[in-house]
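Student: Before I ask anything, here is the structure I am working with.
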């Protein structure tokens, strides 16, 4: 374990401790909300590092399985607790928000940082293009039940059924394409494991349990906090949950861009979007059947359009074969305007 | 005539015979519906083979004219009989469905089969890209009257006029671009004619007449069949008519992908979509003026969005320059979810 | 000053004189409307030529600043007078129409002329691709407030606020990306200045003043003219204002395509779209705060979709790396159908 990793894990522990303090000391929910969000972001990063080390032991194929299964753990816990509280709006917005945060915000930051550091970056990896196309196709599939609900009255009454069909298709596609992800995981070649098996397992277990607790505190604080802040549930999901669950986790993508490896950066960042569409989304739809409130894929119409636009814009910025910091800046600007659109609640 | 072609024509004759039997023996409409659909699919294939042979005699330019004129014959007959019965919904859905079936389903199957057989297929033909761009532009043009009707109230009252303007533009574009299609027809270089002129003409004439009759039986069975099956008119048009009219006909595109000729496969498959937008659609709009029920291009809004998405996704999968079976699988999944959205009727 | 430039300036002076005559002699507004539109188109061209000469004196960086600031002068005057008369619909349509006229109509004409003269034109300039991607991203950002208003009820009540946020983001992006435009202006290498400083300054000053007057006459005639012609305000803005303000100005893009320089042609033409989105639009939003009627970015929904489609189609025709006159013809056809959709007013 490097000195840097030690500091990161210590910071994560402190953040989780602070979140616990906020929760159990019943401080204002607004504070708990932001502290827990920060702790979850750090936990997402810790889980990412630990699964990487576990993957190095399991070989690159196994690494991908583990990362697919555990990478979205904090988001999964938040979604489950939110569903338990009937906060379907938050969960729907968080799913679209995760795709948006990766495909637009993190990609924009990566282009900006990469462009400032290295000048215009040219890339031509068939892998980056393939992932961006798959992401667009998956996002479009995921958006169909919402479009059907909004624009085709006969289907509107059958949103739940259509969501299950869509979730089944997405999950089937995940299973079918898993071997491809196993065969050629995005990102850098896997370095040999540096952590012992014991360190890896213990870190993973503790981070997992901590993520579950912190997600609970976060969701408990969410409703009172957003009322105080006059923020909408959609904004909380689309922006706060999505950034907590993805932004820090994807700092690796930004680092790859900074190190002038734009192909890898794009593959890593868009792969996160793809995993949300193909794995996290259908799993939550099916798991929600065990809850009182079911999750459907009938999103508010604007969310569906944002999802399509994120996929289409992601496709274009990858297919044009070049990234500049100006392109990154416009992506970030686009994200800001979308986030602003969801600020107001009913 | 090869042994295989003899078997195909015999199977087609048997299928048409069975459809006739179903129709005149007044068996349940559901059976007639599916048998006639199968017969139409085989007839579409037979017409395709015969026009290919005719084309080989006429030279490659003439071949394209003939294929443009006759290739969509079964679809044209179905649409005419359906318009005669006032089934505008079926015809509108079948037009969008034909573009969707080619640009999404058949392309997805071609990618899947080609990818499984040959691994990832790289292509870089300017012709495939040009056809995919033209298809997107034509699909977008065709979608404008629907978007205007749904989202611009002043235009909503003038849907019929706007449809005629749009159909006029599409037909003018067809006439203008015809020389391009004549000059460089998609698909493989034309082999010398194997059939005699007589065999070709007789086959074409018989298949044409049989297509007209079978289309009549199919449309007669359609309304009672979809009531029995609780299927919507849109689903019947979008999925059943579109697959019967395009899927078997485009088996050649799938075969090209299987033979590791992805550029040709894409050009052939997307060319079918383009012909539907530029030729079949405006011709039906104008011909429908002779009927009691006029065909407009004011589609249900979801159909218009599906049309746009089919064009955009088709553009991306071609422009990314690579096809894998995973990409094919996601295309098929996308098609399944769209088909499911149209299952329910009012 | 070349003989051709003299003739152009003389024609511009005659056109402005005729427009003045129409205005002060109180001829029918329809005549004034079209004569003033023609005069504005010629003035846009004259301003373009004069700023080019000024730029040649200031160096290529300065040239771009001047062109950015003055290039849209006639459009700016029209928009200001129209806002003064409360014609927000006209201004909104003119903004989207300028992007559409450049990205679809002028690009289509350039492809058609270039293709007929030179056959299929292949291009692969990273600059053309980058500009088309930036234009799409800016157009998508600009469309968000309208989508939010139409499809997200909580945001509908806050359209004005969201417009200001969006305009602020667009203006910030303009300021941030200005150095990029200064560093590498689109178009041909700047030839040495041919006009004297005095000729340049005087021409620019006179053309600017004339543009302000002519814009006033044009807007005065607009309302009675469109009533007589049964044309909508949106059509007047989307088509007439946009073509007067962009088409002649962009004759240089068409000339570049004719001279077989498709990369430069695309960069010049799409750069105009980009400047409208990043500079003209936010400036008008902020300046309109000084008027009784404020300009918002809450466009009629169809305008927002048209804006997105113009960006997406522009992205595809550039990314496919080839232009033919057939592609140009379909772009023009697409423009015609959109223009027809806006013919009718309420």
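Read-outs: derived from the displayed coordinates by stated rules, not from any lab. Since the model is a prediction, treat every value here as computed from it, not as a measurement. Because the Cβ atoms are built from the backbone with ideal geometry, glycine has one as well, and the counts that use them run over all protein chains shown.
Student: Every other copy gets compared here: list the nm distances from the residue A:289 label point (7 Å along Cα to Cβ) to its counterparts, shortest first, one decimal.
Tutor: Its label point is 5.4, 5.4 nm from the equivalent points in the other copies.
Student: Okay, next question. Please report, to two decimal places, log10 I(q)/I(0) for chain A at q = 0.12 Å⁻¹ as given by the Debye formula with identical point scatterers on the Cα atoms and no solvent.
Tutor: Computed log10 I(q)/I(0) values: -0.83.
Student: Turning to a different aspect of this structure: Rounded to a whole number of µm²/s, how large is the Stokes-Einstein D of the range B:190-262 at 25 °C and 0.890 mPa s, given Rh as the Kirkwood radius over C-alpha pairs?
Tutor: On the way: Rh = 15.2 Å.
For these conditions, the coefficient is 161 µm²/s.
Student: Here is a follow-up. What average number of partner chain Cβ atoms lie no more than 10 Å from the Cβ of the residues making up A:167-173?
Tutor: Values: counts 1, 4, 9, 3, 0, 4, 6.
Mean partner shielding for this stretch: 4.
Student: Another question about this same structure. Given the C-alpha centroids of the range B:143-175 and the range C:204-220, what is the distance between them in whole angstrom?
Tutor: 36
Student: Does the range C:242-346 classify as rounded, prolate or oblate by the C-alpha gyration tensor (a ≥ b ≥ c root eigenvalues; a/c under 1.5 gives rounded; else a/b over b/c gives prolate, otherwise oblate)? Working shown, then result.
Tutor: Values: a/c = 2.19, a/b = 1.57, b/c = 1.40.
It comes out prolate by the Cα gyration axes.
Student: Over 20 Å apart: what share of the alpha carbon pairs of the range A:126-238 falls there, rounded to a whole percent?
Tutor: On the way: 4439 of 6328 pairs.
Summing the P(r) tail past 20 Å for the range A:126-238 gives 70 percent.
Student: So for the range B:237-346, averaging the separation of alpha carbon pairs under 8 Å that are six or more residues apart and normalising by length, what relative contact order in percent results? Intermediate results must be reported in sequence, preceding the final value.
Tutor: On the way: 30 pairs, mean separation 21.8, N = 110.
Over the range B:237-346, the number comes to 20 percent.
Student: How would you classify the protein assembly as shown from its alpha-carbon gyration tensor, with a ≥ b ≥ c the square roots of the eigenvalues: rounded for a/c under 1.5, else prolate if a/b is greater than b/c, otherwise oblate? Don't skip to the end; give the middle numbers.
Tutor: Numbers: a/c = 1.57, a/b = 1.00, b/c = 1.57.
Taking the square roots of the gyration eigenvalues as a ≥ b ≥ c, the protein assembly as shown is oblate.
Student: Output the relative contact order of chain B, whole-number percent, from Cα pairs under 8 angstrom with separation of 6+ residues. Could the numbers behind the result be given before it?
Tutor: On the way: 557 pairs, mean separation 133.9, N = 346.
So the answer I get is 39 percent.
Student: Continuing with this model, one more query. By counting other Cβ atoms within 10 Å of each Cβ, how are A:273, B:288, A:163 ranked from fewest to most?
Tutor: Numbers: A:273 30, B:288 21, A:163 27.
Ranked by crowding around the Cβ, least crowded first: B:288, A:163, A:273.
Student: May I have the pair-distance distribution P(r) for the range C:289-346, computed from all Cα-Cα distances with 10 Å bins from 0 and rounded to whole percent?
Tutor: 17, 39, 27, 13, 4
Student: Same structure again: Which of the three applies to the range B:232-301, rounded, prolate or oblate, going by the alpha-carbon gyration tensor with a ≥ b ≥ c and a/c under 1.5 meaning rounded?
Tutor: Details: a/c = 3.05, a/b = 2.05, b/c = 1.49.
It comes out prolate by the Cα gyration axes.
Student: Continuing with this model, one more query. Calculate the spin-label point distance for residue B:153 paired with residue A:201, positioning each point 7 Å from the Cα along the beta-carbon direction, and give it in nanometres.
Tutor: 6.8
Student: Label residue C:26 and residue C:7 with points 7 Å out from Cα along Cα→Cβ: what is the distance between them in nm?
Tutor: Simple spin-label model gives 3.9 nm for this pair.
Student: Given the Cα-Cα distance of residue A:57 and residue A:160 and 0.36 nm per residue of separation, how much length would full extension add, in nm? Working shown, then result.
Tutor: Working: separation 103, 0.36 × 103 = 37.08 nm, distance 4.15 nm.
Between residue A:57 and residue A:160, full extension yields an extra 32.9 nm.
Student: Viscosity 1.002 mPa s, temperature 20 °C: Stokes-Einstein D of the range C:111-166 from its Kirkwood Cα radius, in µm² per second? Intermediate results must be reported in sequence, preceding the final value.
Tutor: Numbers: Rh = 14.1 Å.
The Stokes-Einstein estimate is 151 µm²/s.
Student: At residue C:201, with labels set 7 Å past Cα in the Cβ direction, how many nm apart are the copies from this one, shortest first?
Tutor: 8.3, 8.4
Student: Divide by every residue of the protein assembly as shown the summed helix terms, -39500 (n - 2.57) for each DSSP H run of at least 4, and state the resulting mean residue ellipticity at 222 nm, rounded to the nearest 500 deg cm²/dmol.
Tutor: Details: 45 runs with 777 residues, N = 1038.
Using -39500 (n - 2.57) per qualifying helix, the result is -25000 deg cm²/dmol.
Student: Per-residue counts of other Cβ atoms within 10 Å, averaged by peptide: what ranking do you get for B:327-333, B:206-212, highest first?
Tutor: Working: B:327-333: 25.0, B:206-212: 19.9.
Output ranking for B:327-333, B:206-212: B:327-333, B:206-212.
Student: Sorting B:103, A:98 on the 10 Å Cβ count, fewest up front, what's the list? Working shown, then result.
Tutor: Numbers: B:103 33, A:98 28.
Sorted ascending by nearby Cβ count, the order is A:98, B:103.
Student: Oh, and also: Using the 7 Å Cα-to-Cβ label point, sort the distances from residue A:118 to its equivalents in the other copies shortest first and give them in nm to one decimal.
Tutor: 3.2, 3.2
Student: For the range C:29-174, what's the relative contact order in percent, using C-alpha pairs closer than 8 Å and at least 6 residues apart?
Tutor: Values: 52 pairs, mean separation 16.1, N = 146.
11 percent.
Student: Here's a follow-up. How do A:306-318, C:4-16 rank on mean C-beta neighbours within 10 Å, highest first?
Tutor: On the way: A:306-318: 27.7, C:4-16: 16.0.
Going by the mean number of other Cβ atoms within 10 Å, highest first, we get A:306-318, C:4-16.
Student: Continuing with the same structure: Only counting other Cβ atoms within 10 Å, I'd like C:51, C:28 sorted with the fewest neighbours first.
Tutor: Working: C:51 25, C:28 12.
Neighbour counts put them in this order, fewest first: C:28, C:51.
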